[in-house]
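Notes to accompany the following structure.
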Amino acid sequence: MPKILPILSSSLFLLLTVGLFCTTSAKESPFHSSIPDSSSFNVSHADLPGRRDSVETPGATIASRPDSAATADTVGRMIMPSFVGTLDYSLDSSQYRTQDELHWIDYTSLGGILETVPGVYVRSQSSVGQYDQLNVRGYDWRGVAILTNGRILNDPASGIYNLFHFTTEYADRVEIITGPRAFLYGFNSTAGAVNLVTKNYNSNRPFTKFNYSETAYDYQYSDGTFSQNISRKLNFTFGFQHQGTSGRFANSSHEAWNMRTKLRYGLSKNLTIIVSEYLTSSQTDVNGGVDNSSVGFSDAFERLRATMRNTDSYEKISRNDMDLCLVGTLFGDSSNVSLLTLYLSQNLREYRDEENRQFPNGVFIQSDHRSSWMGAQLTQNFSTEFQRLNVGANFELRQVEGSPNLGRRRNTIGAAWFKEDLLLNKDVTISGFARYDRYLKKDYIGFGADASLQISSALSLFGGVSLSRRLPDYQELYWTDSTVTRQNPLPAEKHMQTETGAQLNLLSIGTLRVAYFHRTVNDALQLLPYGSAFVFPGVMYSTIGKIATNGIEARLTARIRYLYLEGSSTYLTQKRNDGTSSEAYPSLIANGGIYYWGEVPGTGLNIKVGFKGRFSSSQLGEVFNPEILAYRNNAGQKIGRGGTLDFFLIARIGDAYVHFLWENLTNAQFFSSPYYPVLDRAIRFGVSWEFLN
């Protein structure tokens, strides 16, 4: 359970602090509106000069009105740009998922949203709360930055972020940048940048929203949101989320609470201040998966007969993320947004193996890892009829205050970046971009360029290239214990990426987007097998020369009257510099569905019902060490191909969404990753309901 008193006191402190700025009250005039949609902002994100968006996802118009987005009323009070904290206002719609789209996607965590994106593979542990590994175009989570409103969430101690720790209900849209531009937007985002743009409500009457879901193994999810304008210039928003499960196998239970608070105050017509706080408290059992050396294949899927690697180990997370943002349109044009963010994150990870379970393993560990990072980030975009310029700078102090495996660390890092889009005419855009990083007293520069060409209303082409670095994190450089060794020194990886592709607009039916990508990583840092660990697999950090990845990805969305089809797939190959193939990833992954999606005549009921499936080919994969929080190359047997088929139903009735899913209809048995069995057949259902009182 979270520490409720500190949460409430922090929220009260924020409320009182910002309240001191209030110069108007509710008595000055009556409220004029409830929750405006993005059209109430002077210039919406779709109207920026030179913007060339792809065709909207079919069915998007079915969704209800936004419950957040731009915040401006009819007489100019509380004016603020929409999507504050976006990586780029000119993103193509293939690079984000809006809150309306999320209502119609089946997911239990952020990973479930991301795996709908071509090129993304989530190495799942098939259990709520666990460390699912996010992989982008054949590169793992060490090269993926998770951000909120443009600022980094990855913990410097481990270099990663648990995808279950973000409350997806808090997202106004989820931005996913892959390819040559990815390195530009975050520290170590060479493979991808995932940005979570949080909601900014403008509700003159009390607004509440409640989400609930449950499924097998005592899984329960609930989320609540409350928002109201306290005055014409001040909005208060509060929310919570709870997740819990007893788990399918021994030592796999999980319980987590999240609390979120946001205050937004309009200092003037062109300047807004936002203060927010996000707290996470969780306890998660980490069993390391099935011990394949002591159990047969069929027994691995039996809840009572499966033998886990560890039945003692668990972790507790206590985390606090605070932000103070100044949002301005200071150059006389509301499409040119200035954003200054001051932030502080504190994280305590308590890892335990305490010999207090039914079958102890003879290992006793009590290790606490305290880390923090704080900094300032400034971004500015400037758009005209012929160009779009985005610039940014970041200064951050990151620390490990205490860790038995990392020691004490204190370093400052800095970064600066820019992107310039030249709109040569209505059909041609050429872009150049670069990023500078200062890390551990060394300087690194990455740069690249890309272009897009609109051949016709039905066909557009795109392509790009970039050179960048991925810098070794604290875990790779400093972690020490009896199961870890490393090859010194560990230099920065050198990444060269190219991409080319096309998007075909299928008249009024939908879109097909296809891309070819290539990545070469020199001085590739790999986590190789080491020793014969007693419980979890040992790790050797080593550079192995060069790894080359080639791949093709595709995404299709199509609608023929009420028939809706969607799907994405990725095919990739990887080779080392000695010519041998790497089988860490499946060569083919695919997911998609076929549905009836539309309004049932005469009922006011919008429904999306049908079947969806996932498939991945065989792979050697990577095994997880929960103590280190690292996936290591698998030295065991290859896991076979596998796929699941689900029955899918989501319906909108008024302001409520109801979902019903019958997962893994055929009860297929395979490992989602070494060695975590895919979930068996189960029913999941829930509801999401908005109230405007």
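General observations
- Restricting the calculation to Cα atoms, the range 415-538 shows an Rg/Rh of 1.16 when the hydrodynamic-style radius is the Kirkwood one.
- For the range 558-693, a Kirkwood hydrodynamic radius built from all Cα pairs, placed in the Stokes-Einstein relation at 37 °C and 0.692 mPa s, yields a translational diffusion coefficient of 184 µm²/s.
- Counting only the Cα atoms, the range 428-468 fills a convex hull of 54 Å³ per residue.
- If you plug the beta carbon distance of Tyr562 and Asn667 into 1/(1 + (r/R0)^6) with R0 = 30 Å, you get a FRET efficiency near 0.50.
- Sequence ranges 648-661, 591-604, 189-202, ranked by mean other-Cβ count within 10 angstrom, highest first: 189-202, 648-661, 591-604
- The charge dipole of the range 129-282, taken about the Cα centre with unit charges on the Cβ atoms of Lys, Arg (+1) and Asp, Glu (-1), comes to about 860 debye, rounded to the nearest 20.
- Summarising the label geometry, the points placed 7 Å from Cα in the beta-carbon direction at Glu354 and Leu378 lie 4.8 nm from one another.
- Here's the picture: charge each Lys and Arg Cβ at +1 and each Asp and Glu Cβ at -1 in the range 4-692, and of Tyr657, Gln125, Ile544 the one pushed furthest to the positive end of that dipole is Ile544.
- Cβ-Cβ distance of Ile594 and His242, R₀ of 51 Å, FRET efficiency by 1/(1 + (r/R0)^6): the value works out to about 0.90.
- For the residue pairs Lys494/Lys575; Lys199/Lys608; Lys199/Lys612; Lys442/Lys575; Lys199/Lys262; Lys419/Lys442, the C-alpha atoms sit more than 19 angstrom apart in Lys199/Lys608; Lys199/Lys612; Lys442/Lys575; Lys419/Lys442.
- Taking every DSSP helix (H) stretch of at least 4 residues in the chain, weighting each as -39,500 (n - 2.57) and dividing the sum by the residue count yields a mean residue ellipticity at 222 nm of -1000 deg cm²/dmol.
- With the highest mean first, a sort of the peptides 518-530, 80-92, 419-431 on other beta-carbon atoms found within 10 angstrom per residue produces 80-92, 518-530, 419-431.
- Karplus-derived 3J(HN,Hα), 6.51/-1.76/1.60, for each residue of the range 315-330, Hz, glycine and proline x: 9, 10, 10, 10, 9, 9, 10, 10, 9, 10, 10, 10, 10, x, 10, 8
- If only the Cβ of Lys and Arg carry +1 and only the Cβ of Asp and Glu carry -1, the dipole of the range 4-692 around its Cα centre is close to 800 debye.
- One equal scatterer on each Cα of the chain, no solvent, Debye formula: the resulting log10 I(q)/I(0) at q = 0.05, 0.06, 0.08, 0.09 Å⁻¹ is -0.22, -0.32, -0.60, -0.77.
- Contour excess over end-to-end distance, with Cα ends at Leu389 and Tyr478 and 0.36 nm allotted per residue: 28.2 nm
- Computed label-point distance, nm, for sites Ile230 and Tyr212 using a 7 Å Cα→Cβ extension: 3.0 nm
- In range of the label at Phe331: residues from the range 415-432 whose backbone nitrogen is under 13 Å from the point 7 Å along Cα→Cβ: 419-421
- Spherically averaged projected area in nm², based on the convex hull that wraps the Cα atoms of the range 517-600: 9.1 nm²
- Legend: calculated FRET efficiency, Leu342 to Phe418, from the Cβ-Cβ distance at R0 = 22 Å, rounded to 0.05, equals 0.50.
- The angle separating the long axis of helix 4-19 from the principal Cα axis of greatest extent in the chain is about 30 degrees.
- Computed from the Cα positions only, the extents of the range 203-349 along the three principal axes stand at 68, 30, 26 Å, in decreasing order.
Readers should treat all values here as calculations from the given coordinates under stated rules, not as data from a laboratory. Since the structure is predicted, the reported quantities are computational estimates derived from the model, not experimental observations. Because the Cβ atoms are built from the backbone with ideal geometry, glycine has one as well, and the counts that use them run over all protein chains shown.
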